[in-house]
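A short write-up of the structure that comes next.
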Amino acid sequence: MPAKTVYIFLGISFIACLLPQRFYNAIQVKDIKLLKKTGVEFALKYAQYGGIVNNIIKKKFPGYKVVYNIKTLRSQYNKTYGFERFHFMALLFFLFVIVFALVNRYYVWALIFFITNIIYNVYPILLQHYTRLRIAALLNKKMK
């Protein structure tokens, strides 16, 4: 792929980082049951802050606890938007790359990028939606 094309794709994709929070709220999947059906809970085990990593930390540091109060919950809630922005930007970039590959008849590459885009961008975006729903429920309980 020509470098100029890469830069154009990156530039257009970067716009995702500039989109306001209300955009991400508008695309939020609000049905937690639907998110569970997509396998988000399975993916959560392998995520950066998922079950496997937490278990490793707990084995190494037996006194380790994740303490959630209203302040930390709000902080975690807000962090999900940053993670989603990054993955949405990467999703757009690789969608452009997939289209480029298809137009240029690089079908195997298009398929590879399609599959990896789902694994590395679609699932992390869905994880952010799932996390926000769970945190919102916890915040609602703590506020009562």
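The values are calculated or read from the model by the stated rules, or taken from the named source; none is laboratory data. Just so it is clear, the structure is predicted and the values come from calculations on it, not from any experiment. With ideal geometry, Cβ positions are generated from the backbone for all residues, glycine too; neighbour counts draw on all protein chains shown. When the accessible area is computed, the model is the full protein with side chains, heavy atoms only, and any ligands, DNA or RNA have been set aside. Shrake-Rupley method; radii C 1.70, N 1.55, O 1.52, S 1.80 Å.
Assorted remarks:
- Length added when fully stretched, Lys141-Lys30, from 0.36 nm per residue minus Cα-Cα: 38.2 nm
- Note on the chain: with a GNM built from Cα contacts shorter than 10 Å, the maximum mean-square fluctuation among Lys58, Lys79, Lys30 falls on Lys58.
- Using a probe of 1.4 Å on the protein chains alone, the accessible area found for Ile118 is around 60 Å².
- Among the trypsin sites (Lys or Arg not before Pro) in the stretch 91-141, those placed in a DSSP loop whose Cβ has at most 16 other Cβ atoms within 10 Å are Arg105.
- The mean accessible area for residues of the stretch 92-144, using a 1.4 Å probe and ignoring ligands and nucleic acids, is 65 Å² per residue.
- For the chain, the longest principal axis of the C-alpha atoms and the axis of helix 70-103 are separated by about 20°.
- Helix-only arithmetic for the chain: the sum of -39500 (n - 2.57) across DSSP H runs with n ≥ 4, divided by the residue total, places the mean residue ellipticity at 222 nm at -25000 deg cm²/dmol.
- Considering only Phe83, Tyr68, Phe93, and ranking their Cα positions along the charge dipole of the stretch 36-93 that arises from unit charges at the beta-carbon of Lys, Arg, Asp and Glu, the one farthest toward the positive end is Tyr68.
- Crossing angle, helix 123-143 versus the chain [Cα axis fit, 0-90 degrees, rounded to tens]: 30
- Accessible surface of the chain [probe 1.4 Å, protein heavy atoms]: carbon and sulfur percent: 67
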